[in-house]
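Notes follow the structure.
The values are calculated or read from the model by the stated rules, or taken from the named source; none is laboratory data. It should be emphasised that the depicted structure is a prediction, and the values quoted were computed from it without experimental measurement. Ideal geometry is used to build each Cβ from the backbone, glycine not excepted, and the neighbour counts take in all protein chains shown.
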Amino acid sequence: MTRFAFWSSLLASAVLLGLTVGYRQTFGLFLPAVTGDLGIGREAFGLALAVMNLTWGLAAPLAGMVADRHGAGRMMAAGALVYAVGLVGLATAGSAGQLIWSGALIGLGLSGAGFTVSLAAAGRLAPETGRTQAIGTVSLGGSIGQFLALPVVHLLILGVGWQVGLGWLAASMALAAGAGLLVRDRISTQPGSFWGSAGTAVRDALRVPSFGLLTVGFFVCGFHLAFLVVHLPAFLVDRGLDASVGAVALTLIGLANIVGTILFTRAGARWSRRRVLAGLYLARTVLMGGFVALPVTEVTVYGFAVLMGLTWLATVPLTSALVADLFGTARLSTLFGVVFLGHQLGSFAGAWFAGAVYDRFGSYDLVWGVSVAIGLAAVGLHLAIRVPETVPQLA
């Protein structure tokens, strides 16, 4: 593969990933307007996004299997188109039921165009010595997308309303599907049944304790991110701050995430990735505990957002690279898809549980406490992971 083809593939993956996860990051901004216009509670809105995250996670291993055999580019293009259809469904929603099935479609789109397929393709294209940097480059596209999407979507909601704004997002996502066709991939040429070899790889991985520890640890990341993305803007309004503060906070998270992804990716290339991940979860846990212990003001919100942003998506390239450390790259899309299912189960829990707690108790205090407790657990889980000296190449 030429150098031009290598970098054009990484750039196309980064652009498409930036749109898919960038738009997903903005859904919390729609909560007040959607729930107010449709007359539904926060639990219903949270459930729709929880279903999105759960569908994303459940479909990710399947999307990974197809990408491992047939290539990432076509899978990413198809995922973007399904994502666009889901956004149209959200824009035209008139009930909680339509929000839920639209969220499911977006989740399916994310499984094909999101992290698992794009990062695995980058990991296969790069040599082993440059794998972490290649994965980090594509992941950086997601970070930049989050930073840019938030202020744009906030202005769309203010200028044209939430329904027309979602329509514009759908149109841009459909156009971006073409970027997926530019992605090159090194797919597996090993003989054997597609389903049989993929299933064998998953079964073999599940017998390795470190694979389970990594998957459960990634659940915690999903819980934290979904809770904050969906409910932080509403939490700040409840505390008497203007709605724009939530939009600015999420934008600052996206901006700081660019720096954090670069820094932690470099750290993971130099030091033990499991230890870097453990330190990252520890920092995030301390931040969440400290934030709720302080008065909620614009200063503390923006400070929390910047520091939290440093830890935000930095977990993703490190976790993907750690899966490659454990099992090689032949089935990286499939196995990272399984680990990512753990992340999305956490996302389901974070989005739905926080809404349910608020509707019952009128506050998010319990959710903050749970977030701190499971964050501490994630530190221990990652420290317990053991990477073999000789990496097995699964069938």
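Can you name every residue in the stretch 298-312 that is touching a residue at least 24 places away in the same chain (Cβ under 8 Å), of a type outside the set (F, W, Y) and under 19 Å from L280 (Cα atoms)?
A305, V306, L307, M308, G309, L310, T311
What is the one condition in (1) among the hydrophobic types (A, V, I, L, M, F, W, C); (2) surrounded by 22 or more Cβ atoms within 10 Å (Cβ to Cβ); (3) closer than 21 Å to A278 by Cα that V379 does not satisfy?
(2)
Might you let me know whether the stretch 44-65 holds any residue that is under 17 Å from L182 (Cα atoms) and either of a type in the set (G, A, S) or without any contact (Cβ under 8 Å) to a residue 24 or more places away in the chain (or both)?
Step one: of the stretch 44-65, the residues under 17 Å from L182 (Cα atoms) are none.
Within the stretch 44-65, none of the residues are under 17 Å from L182 (Cα atoms) and either of a type in the set (G, A, S) or without any contact (Cβ under 8 Å) to a residue 24 or more places away in the chain (or both).
Based on what the data block shows, is L156 modelled with pLDDT of 85 or more, assigned to a helix (DSSP H, G or I) and within 19 Å of G254 (Cα to Cα)?
yes
Condition check ((1) within 23 Å of D359 (Cα to Cα); (2) of a type in the set (A, V, I, L, M, F, W, C); (3) under 20 Å from the mean Cα position of the chain (by Cα); (4) modelled with pLDDT of 90 or more) across all residues:
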residue	(1), (2), (3), (4)
F235	yes, yes, no, no
D238	yes, no, no, no
A247	yes, yes, yes, no
F264	no, yes, yes, no
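Could you say whether any residue in the stretch 40-58 is farther than 19 Å from F227 by Cβ and modelled with pLDDT under 80?
no
Does R284 satisfy being buried (at least 24 other Cβ atoms within 10 Å of the Cβ), modelled with pLDDT of 90 or more and not β-branched (V, I, T)?
Yes, satisfied.
Taking into account only those residues within the stretch 14-39 that are of a type in the set (G, A, S) and within 16 Å of L232 (Cα to Cα), which is modelled with the lowest pLDDT? Spell out the reasoning first.
Kept after step one, since they are of a type in the set (G, A, S), are these residues of the stretch 14-39: 14, 18, 22, 28, 33, 36, 39.
Still in the list and also within 16 Å of L232 (Cα to Cα): 28, 33.
On the way: G28: 78, A33: 83.
So the residue we want is G28.
Considering only residues that are over 18 Å from the mean Cα position of the chain (by Cα) and within 25 Å of L150 (Cβ to Cβ), which ones fall in the stretch 267-284?
A283, the sole residue that qualifies.
Within the stretch 51-65, identify whether any single residue is of a type in the set (S, T, N, Q), out of contact with any Cys (no Cβ under 8 Å at 6 or more places or on another chain) and over 18 Å from F223 (Cβ atoms), and answer yes or no.
no
Looking at the structure I just gave you, is Q146 in contact (Cβ under 8 Å) with a residue 12 or more places away in the chain, assigned to a helix (DSSP H, G or I), more than 30 Å from R266 (Cβ to Cβ) and not hydrophobic (A, V, I, L, M, F, W, C)?
Here the answer is no, as Q146 does not meet what is asked.
Pull out all pairs, ordered by first then second residue, where Cβ-Cβ is under 6 Å, the residues are six or more apart or on different chains, the first lies in the stretch 357-376 and is without any contact (Cβ under 8 Å) to a residue 40 or more places away in the chain, and the second is β-branched (V, I, T) and part of a helix (DSSP H, G or I).
If the second residue must be β-branched (V, I, T) and part of a helix (DSSP H, G or I), the pairs left are V357/V367; L366/V357.
Can you name the residue in the stretch 287-299 that is surrounded by 14 or more Cβ atoms within 10 Å (Cβ to Cβ) and β-branched (V, I, T) and, of all such residues, is nearest to F223 (Cα to Cα)?
Filtering the stretch 287-299 for residues that are surrounded by 14 or more Cβ atoms within 10 Å (Cβ to Cβ) and β-branched (V, I, T), the one nearest to F223 (Cα to Cα) comes out as V292.
Scan the stretch 110-121 and give yes if some residue there is in contact with a Pro (Cβ under 9 Å, 6 or more places away or on another chain) and among the aliphatic types (A, V, I, L, M), otherwise no.
yes
Kindly provide the set of residues from the stretch 109-136 that are modelled with pLDDT of 80 or more and either surrounded by fewer than 24 Cβ atoms within 10 Å (Cβ to Cβ) or not in a helix (DSSP H, G or I) (or both), ordered by number.
If the condition is that a residue be modelled with pLDDT of 80 or more and either surrounded by fewer than 24 Cβ atoms within 10 Å (Cβ to Cβ) or not in a helix (DSSP H, G or I) (or both), then G114 is the only one that fits.
Hey, among L182, L169, which residue is outside any helix (DSSP H, G or I) and not hydroxyl-bearing (S, T, Y)? Step through it out loud before you land on a result.
Numbers: L169 fails: outside any helix (DSSP H, G or I).
After ruling out the rest, the residue left standing is L182.
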